[in-house]
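J.: Sharing a structure below in structure tokens format, with a few things to ask.
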Amino acid sequence: MTSARTQPTQPDRTTHPTLAIVGVTGAVGQEFLRVLDQRSFPMGGLKLLASARSAGKTAEFRGKTLTIEELTEDSFAGVDIALFSAGGSISKKYAQAAIDAGAVVVDNSSAFRMTDGVPLVVPEVNADAITAANIGLGEGQVPGVIANPNCSTIIMLLAVTPIHRAVGVKRLVVSTYQAASGAGAAAMAELEQQTREVLEGRQPTCDIFPQQYAFNLFSHNSPVQPNGYNQEELKMVHETHKIWGEQGDNKTGITATCIRVPVMRAHAESINLTLDKPLSEDEAHKLLADAPGVSLIDDRENNRFPTPLDASHVDDVFVGRIRHDLSQPEGYGLDLFVCGDQVRKGAALNAVQIAELLVK
Ligand code: A2P
């Protein structure tokens, strides 16, 4: 009896794309693996990329051991979606190679966020910014880049967009309390090391940040511009305008102060809003309770509100301290306190949600 050998069928690239993770050894890169697995992302293949330092190391994914390869311009053959999280200079250097190989790049860095024609996407807010045309999936077009916004911007917009859509935000004042994770795996390790050193009465090692981080806080480490704002603060302003589709005189007034605090991995934000139309506290509560990706912790009686630990390793952004701003006319001013996992919703989860929008 002869048996007919069936050819293994190739997975359909539109329903089961092949993914590459650029920067897989980093804090966000590692989270990509967890999020892809937890969300059962349909996948035809997975390529793990990092620097030459990591080439040959392995990582586990869905019960398989995968070998990490050095990122080169030839890394993207057969890749349909490339998730980049190795910093802006790597994105600038290698995104085109991925695009030339036929991949859509979902970029976690700031390299292309403000580039005209590049969608800047928080799926709960502006999934419609991704069109077949602007990422080149239309007939005869080449794939391009979709940018993942700044982590503090994403976390803020999950809480503020439902209010903006309902009554209009005229002015937004935000102060952040940002975790070590935003500066990468090495910064997280430095915070841990410094904490130990200070408790043991030793001089803290300052390799990543120029000043002591443990038992301290300081203005965000991004470069300060001539106008006195640091780059992180300006990202929150400009990216929000782009995501909300605001231009010219119609832009919401936004100002930000960004601070690095000795917390391991979730950012907190104090947000003050001036509204176009009045909104009661109850209405604000209801809007936020119904908002996708948002959970409330707002227990005045027990003084229990969101903390970075509540938000760590969790998908949702937590909101509490929902209250009228006493300095503004009744109903026209609102205060919020928000916590969100910077590595997860602020980076890896948001990028994977974008990738999900690309899969049929
Ligand atoms: P590697 O571990 O091999 O240096 P984080 O933001 O947590 O610090 O992570 C940065 C990520 O970017 C890491 O995965 C790191 O890989 C990767 N990376 C840094 N430089 C390069 C490079 N030249 N080529 C490829 N990946 C890089």
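The values are calculated or read from the model by the stated rules, or taken from the named source; none is laboratory data. Since this is a predicted model, take the numbers as computed values, not measurements. All Cβ positions, even for glycine, are placed from backbone atoms using ideal geometry, and neighbour counts span all protein chains on display. Note: areas computed on protein heavy atoms with side chains; ligands, DNA, RNA excluded. Shrake-Rupley method; radii C 1.70, N 1.55, O 1.52, S 1.80 Å.
J.: Within segment 123-141, can you find the residues that are at pLDDT 75 or above and open to solvent by 40 Å² or more (accessible area, probe 1.4 Å)? Walk me through it before giving the result.
T.: Of the residues in segment 123-141, the ones at pLDDT 75 or above are 123-131.
Once the filter is applied, which keeps residues that are at pLDDT 75 or above and open to solvent by 40 Å² or more (accessible area, probe 1.4 Å), segment 123-141 yields E124, D128, T131.
J.: Taking segment 25-59 as the region of interest, how many residues are more than 16 Å from the ligand (Cβ to nearest atom) and of a type outside the set (F, W, Y)?
T.: The initial filter retains those residues of segment 25-59 that are more than 16 Å from the ligand (Cβ to nearest atom), namely 37-45.
Among the residues that remain, those that are also of a type outside the set (F, W, Y) are: 37-40, 42-45.
Summing the residues that are more than 16 Å from the ligand (Cβ to nearest atom) and of a type outside the set (F, W, Y) in segment 25-59 gives 8.
J.: Check whether at least one residue in segment 186-204 is buried (at least 17 other Cβ atoms within 10 Å of the Cβ), touching a residue at least 60 places away in the same chain (Cβ under 8 Å) and within 16 Å of the ligand (Cβ to nearest atom), and report yes or no.
T.: Yes, that holds for at least one residue.
J.: Considering only segment 327-360, state which residues are small (G, A, S) and touching a residue at least 60 places away in the same chain (Cβ under 8 Å). Spell out the reasoning first.
T.: Of segment 327-360, the ones small (G, A, S) are 327, 331, 333, 340, 346-348, 351, 355.
Across segment 327-360, the qualifying residues are G333, G340, G346, A347, A348, A351, A355.
J.: Give the residue that is farthest from M188 (Cα to Cα), with candidates limited to residues of segment 233-281 that are among the small types (G, A, S) and at pLDDT 95 or above. Give the derivation first.
T.: Taking segment 233-281 first, the residues among the small types (G, A, S) are 245, 248, 253, 256, 266, 268, 270, 280.
Next cut, at pLDDT 95 or above only: 245, 253, 256, 266, 268, 270, 280.
Numbers: G245: 34, G253: 33, A256: 24, A266: 12, A268: 17, S270: 23, S280: 40 Å.
Across segment 233-281, the extreme among qualifying residues is S280.
J.: In addition: Checking the structure you have, find out if any residue of segment 254-267 is outside any helix (DSSP H, G or I), among the small types (G, A, S) and touching a residue at least 12 places away in the same chain (Cβ under 8 Å). Before the answer, list the steps.
T.: Residues of segment 254-267 that are outside any helix (DSSP H, G or I), as a first pass: 254-267.
Applying the additional criterion that residues be among the small types (G, A, S) yields 256, 266.
Checking the rest, the ones that are also touching a residue at least 12 places away in the same chain (Cβ under 8 Å) come to 256, 266.
For segment 254-267, residues outside any helix (DSSP H, G or I), among the small types (G, A, S) and touching a residue at least 12 places away in the same chain (Cβ under 8 Å): present.
J.: A follow-up question, please. Residues that are over 22 Å from V169 (Cα atoms) and open to solvent by 60 Å² or more (accessible area, probe 1.4 Å): find the helices (runs of 4 or more DSSP H) completely inside segment 271-360 holding 1 or more of those.
T.: Working: elements: 281-290, 308-311, 349-358.
Output list reads 308-311, 349-358.
J.: Just to check your reading of the model, which residue among I81, I99 is farther than 24 Å from R344 by Cα, away from the ligand (no atom under 16 Å from the Cβ), open to solvent by less than 60 Å² (accessible area, probe 1.4 Å) and of a type outside the set (F, W, Y)? Lay out the reasoning, then the answer.
T.: Numbers: I81 fails: farther than 24 Å from R344 by Cα.
Being farther than 24 Å from R344 by Cα, away from the ligand (no atom under 16 Å from the Cβ), open to solvent by less than 60 Å² (accessible area, probe 1.4 Å) and of a type outside the set (F, W, Y) holds for just one of I81, I99, which is I99.
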